[in-house]
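Colleague: First the structure, then my questions, so here it is.
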Amino acid sequence: GMERRRAPAANRRYRQRRFWDALYRQEGAEPREWLGGLSRFLPQLEAELRPGDRILVLGCGNSALSHDLHELGYTDVTSIDFSPACIAAMRARYARCPGLRWAVMDIRALAFPDATFDVVLEKGTLDVLMVEETDPWDVSPQAAAAMHRVLAEVSRVLRPGGCFISITFAQPHFRKPHYAQEAFGWSLRHAACGDGDASAFHYFLYVMRKGQPLDTPDLALGRRLHQPPPPPAPPPPPAPPDNDEDYLLAIQL
């Protein structure tokens, strides 16, 4: 098949721990929000949360999200990131909040027992798995497998009835097939979030509820992910030569 186009090198750096460690050391723990602050999606988020929930935040970075949740009364929040520099900075910054726990961890291999959390929350973290993709209509098997591995781990650590909330710019057409897999044992719905400004990017809040069935259309979307892409269209026939000389030249090439 045709060789997959590489995404820009600038995107690849987002996959690398060195890049993030350097960024967090340089910035300390100054909050950096990739998808806007909590206020922009708080109504949709709070509809899913209960005060006593055990919450896991995936790929917390130096976002203020975990602390904001704590201030709103959700006091049992565990935040993980694969950057040790990030976790050290956050642990120091929020040392006065004992309900906030911090751990260095790979989201593809969560070190928690099954059914540990009521809520797993991610904001823009899973997007990092897709940064090297150049064609959202044809996701590489590697990216699809990485996404599946993370989601299988999320499903495993969720209690029955618990929910996974994913906040991302990824549109439903492209993201739902990844989430709509029967293997994860959850239902799926989404809402668009904006701040009322028509010119602002809209992003999406996906809610997956463990132990609830997927709708039939979403099941069909999920199955599409594992189907081989259609064969490429045949190349167009060569244009007729202008004259014999050009034709001979083309043959030599």
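Colleague: What is the distance in Å between the Cα centroid of segment 83-111 and that of segment 155-182?
Modeller: If you average the Cα positions of each part, the centres end up 23 Å apart.
Colleague: Given the whole protein assembly as supplied and a 1.4 Å probe, what does the accessible area of residue 151 come to in Å², nearest 10?
Modeller: 0
Colleague: While we're on this one: To the nearest Å, what is the center-to-center distance of segment 44-78 and segment 113-135, using C-alpha atoms only?
Modeller: So the two Cα centres are separated by 15 Å.
Colleague: So if each residue of separation counts as 0.36 nm, and I subtract the Cα-Cα distance between residue 92 and residue 212, what length gain in nm does that give?
Modeller: So the extension gain works out to 39.3 nm.
Colleague: Which log10 I(q)/I(0) values does segment 113-221 give at q = 0.15, 0.19, 0.20 Å⁻¹ under the Debye formula, counting every alpha carbon as one identical point scatterer?
Modeller: -0.63, -1.00, -1.10
Colleague: Among bridges DSSP assigns within segment 99-223, what percent are antiparallel (round to 5)?
Modeller: Taking every DSSP beta bridge with both residues in segment 99-223, the antiparallel ones total about 70 percent.
Colleague: Can you pull the one-decimal nm distance between simple spin-label points at residue 202 and residue 173, each 7 Å off the Cα toward Cβ?
Modeller: Inter-label distance under the simple model: 1.3 nm.
Colleague: FRET efficiency for residue 142 and residue 101, Cβ-Cβ distance as r, R0 = 35 Å, nearest 0.05?
Modeller: 0.65
Colleague: Additional query: Ordering 41, 169 from largest to smallest accessible area (1.4 angstrom probe), what's the sequence?
Modeller: So the residues, ranked largest to smallest area, are 169, 41.
Colleague: I'd like the accessible area for residue 80: 1.4 Å probe, protein heavy atoms, all chains in place, Å² to the nearest 10.
Modeller: 0
Colleague: Sticking with this structure for a sec: How much length is gained if the chain between residue 75 and residue 47 is pulled fully straight, taking 0.36 nm per residue apart and subtracting their Cα-Cα distance, in nm to one decimal?
Modeller: My answer for the length gained is 8.4 nm.
Colleague: Roll a 1.4 Å probe over the protein heavy atoms and report the accessible area of residue 214 in Å², nearest 10.
Modeller: 30
Colleague: A further question follows. Rank these by accessible area, largest first, 1.4 Å probe: 130, 208.
Modeller: Largest accessible area first, the list is 130, 208.
Colleague: If you don't mind, there's one more thing I want to ask. As a test of reading the structure, rank 204, 164 by solvent-accessible area (1.4 Å probe, protein chains only), most first.
Modeller: Largest accessible area first, the list is 204, 164.
The values are calculated or read from the model by the stated rules, or taken from the named source; none is laboratory data. Keep in mind that this is a model prediction, so the values were computed, not measured. Please note: Cβ atoms are built from the backbone with ideal geometry, for glycine as well, and neighbour counts cover all protein chains shown. Areas reflect the complete protein model, heavy atoms only, side chains present, ligands, DNA and RNA absent. Shrake-Rupley method; radii C 1.70, N 1.55, O 1.52, S 1.80 Å.
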